[in-house]
Amino acid sequence: MLKGIHHTAIICSDYARSKAFYVDLLGLDIVSEHYREARQSWKLDLALPDGSQIELFSFPDAPPRPSYPEAQGLRHLAFAVESVEAAALWLNEQGIATEAVRIDELTGKAFTFFSDPDGLPLELYQGE
C-alpha cells in the first residue's frame, strides 16, 4: 500500500534563515513557494533528487521543540549521501558542526548528525 515517503514537514522559527539553509547550503530545489496571508505563514516546497520533498512552514509564535532529540514524535530526518565523511567535511567547511562519523552496528553503514537553524536533528546516512 505505501510506496515511499512523499514529504516531511518542518516548522521553522526564521523563514529566511531556514530557506537559506535548505536551499543555498544543502542545495534542495524549490518546487513552489507561497505566502498564506490568512495564516501569516510561508509554505516552501523543496525537492530532493529522489523525488521526496520537504515542506518548510513558518507560523507566528510556533512553540520550540520540547527536547533534543528524544521527544515523542519525529526523532530526526535522515538524508542519504554517497560519502558521509565527504558530506560532513563539506558541512564543517560551511560552518555547520557535525558529530563524529560513526558506524551503524546493525547495518555497517556510516552516519553522523548535524542540526538545522532551529536545532532540528538531521542525519547523513551512507546510501545504498
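Values in this text are rule-based calculations from the coordinates and carry no lab data. Worth saying up front: this structure is predicted, and the values here are computed from it rather than measured. Here Cβ is always computed from backbone atoms with ideal geometry, including for glycine, and neighbour counts include all displayed protein chains.
On a full-extension model of 0.36 nm per residue, what is the gain between LEU106 and ARG17, subtracting their alpha-carbon distance, rounded to one decimal in nm? Can you show the working numbers first?
Numbers: separation 89, 0.36 × 89 = 32.04 nm, distance 3.59 nm.
Gain on stretching LEU106 to ARG17: 28.5 nm.
Using a Förster distance of 25 Å, how high is the FRET efficiency between LYS3 and ASP29, based on the Cβ-Cβ distance and rounded to 0.05? Numbers along the way, then the final one.
Values: r = 21 Å, r/R0 = 0.84.
Taking R0 as 25 Å, the efficiency between LYS3 and ASP29 is 0.75.
Counting only DSSP beta bridges with both residues in the chain, tell me the antiparallel percent, nearest 5.
65
Over the residues of segment 1-61, compute the C-alpha Rg and express it relative to 2.2 N^0.38 Å. The partial results should precede the final answer.
Working: Rg = 12.1 Å, N = 61, 2.2 N^0.38 = 10.5 Å.
In units of the 2.2 N^0.38 Å rule of thumb, it is 1.15.
Between the alpha-carbon centers of segment 1-53 and segment 88-103, tell me the distance in whole angstrom.
Going from one Cα centre to the other spans 22 Å.
Restricting to DSSP loop positions (anything but H, G, I, E, B) with no more than 10 other Cβ atoms inside 10 Å of their own Cβ, which trypsin sites (Lys or Arg not before Pro) remain in segment 2-102? Walk me through the numbers before you get to the answer.
On the way: sites: LYS3, ARG17, LYS19, ARG36, ARG39, LYS43, ARG75, ARG102; in loops: LYS3, ARG75.
When the trypsin sites (Lys or Arg not before Pro) of segment 2-102 are filtered for loop state and at most 10 Cβ neighbours within 10 Å, LYS3 remain.
Could you name the lysines whose alpha carbon sits less than 25 Å from that of LYS3, not counting residues in the same chain fewer than 8 places away?
Candidates past the 8-residue exclusion: LYS43, LYS109.
Taking springs between alpha-carbon atoms closer than 10 angstrom, which of GLU82, GLU37, GLU99 fluctuates most in the Gaussian network model of the chain?
GLU37
In the chain, what is the volume of the convex hull around the alpha carbon atoms, normalised per residue and reported in Å³? Present the calculation step by step, with values, prior to reporting the outcome.
Values: hull volume 18.1 nm³, N = 128.
That works out to 141 Å³ per residue.
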